[in-house]
1. Relative to the present Cα-Cα distance, how much length would full extension add between ILE10 and TYR220 at 0.36 nm per residue of separation?
2. How much FRET efficiency would the formula 1/(1 + (r/R0)^6) give for VAL160 and ILE273, where r is the Cβ-Cβ distance and R0 is 25 Å, rounded to 0.05?
3. Give the long-range amide H neighbours of GLY269: residues separated by 5 or more places, or on another chain, with amide H under 5 Å away, using H modelled in the peptide plane at 1.01 Å from N.
4. For PHE52, what charge total do you get from the other residues with a beta carbon under 14 Å from its beta carbon, if Lys and Arg give +1 and Asp and Glu give -1?
5. How do GLU45, GLU217, GLU110 rank when sorted from fewest to most other Cβ atoms within 10 Å of their own Cβ?
6. How much length would be gained if the chain were fully extended between GLN40 and GLN142, taking 0.36 nm per residue of separation minus their Cα-Cα distance, in nm to one decimal?
7. Between LEU60 and GLU116, what is the spin-label point distance in nm, taking each point 7 Å from the Cα along the Cα→C-beta axis?
8. Within a Cβ distance under 12 Å of VAL11, other residues only, what is the Lys/Arg minus Asp/Glu net charge?
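Just so it is clear, none of the values below were taken in a lab; they were calculated from the coordinates. Here the structure is a predicted model, which is why all the values come from computation and not from measurement. Note that we place each Cβ from the backbone using ideal geometry, even for glycine, and neighbour counts take in every protein chain shown.
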Amino acid sequence: MPEDEYKKYIVQIKTQNREYAGTDSNVFLRLYGDVGVSKQYILNEYLDSNPFKQDSLIQLELNNGKDIGDIYKIKLSTDATVGNSGWLPEYVTVKNKYGNRAENKFYINEWLNGKEIERNSINYKTLQIQITDEQSFLIPGQSKTIDNRDGSPYNHQEIVFTNKFVYNIDYIGNYVSGIFDTEEDRLKNFEWFKHRLETEGKGALENQMGKKLGFEETLYKEADFSHREYQYKLYELTPYWETKYHRQLIEMGSCSLKAFVPYSCEYWGYKLIITDRDNNQKIEWHKKP
């Protein structure tokens, strides 16, 4: 195989099938390989006009001029030169045109409107992920307070609970295993591993697990709150959200790290604390039906 052939990369870009997901703006791409970095490409120069339409899948060939190895990271951006032209790409794949190197896939799933985002590869070769089990936690949301200690008449109020559910990696302590000679070596290696995981492994974990880490989803739940003994009391309602987690064992080189990765969130119910004018309290739990 001629060495020059490794300089050519095949790129595929999928745009989500959502209203207004396409863009007419210029799209920029930079490739990061394990032996080098490409220039920043203006992809529109390699394609027909307005290629990034809703639900489109485009493919193009980039001749980088030199072999930069396996692509483990990309940076993607738009110039937002066309008004109201945000772009919602779903994923990008990159592979050498020739040879037996792996195709790397980068999930995006984030609106771009003049900003640059960075994603790491599903095939980042030093990261191994194993799901050991899964479990759930009850996480309290923002409390709602109704103060009726002055005796104003009411007996019914609709409460809307909101919870901004953010997919993210939660590190559980400093649990890192590995073989090191001294405590100093262990500390240095942990800091190195944590840095690598935050800067490179997080994206690989996101893509390998198929989770959209960093994706925010606001959840709403209406609670039809009414209480017979409504006068002269303070009511504090706290919603709880049942968040399910995968327990991950993440390994990179000779080190490993335990982490919880959330993948779903549901309204569980609310806790009601009732306080009278004498500061006496009682607690009630209202679970969802």
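1. Details: separation 210, 0.36 × 210 = 75.60 nm, distance 4.26 nm.
Full extension of this stretch gives 71.3 nm more.
2. Values: r = 19 Å, r/R0 = 0.75.
E between VAL160 and ILE273, to the nearest 0.05, is 0.85.
3. Distant-sequence amide H within range of GLY269: TYR240, LYS288.
4. Residues close to PHE52 contribute a combined charge of -3.
5. Numbers: GLU45 8, GLU217 12, GLU110 15.
Ordered from fewest to most neighbouring Cβ atoms within 10 Å, GLU45, GLU217, GLU110 come out as GLU45, GLU217, GLU110.
6. Working: separation 102, 0.36 × 102 = 36.72 nm, distance 4.38 nm.
Here the answer is 32.3 nm.
7. It works out to 1.7 nm between the two label points.
8. Working: positive: LYS8, LYS14, ARG30, LYS95, LYS97, LYS105; negative: GLU61, GLU103.
Residues near VAL11 contribute +4 overall.
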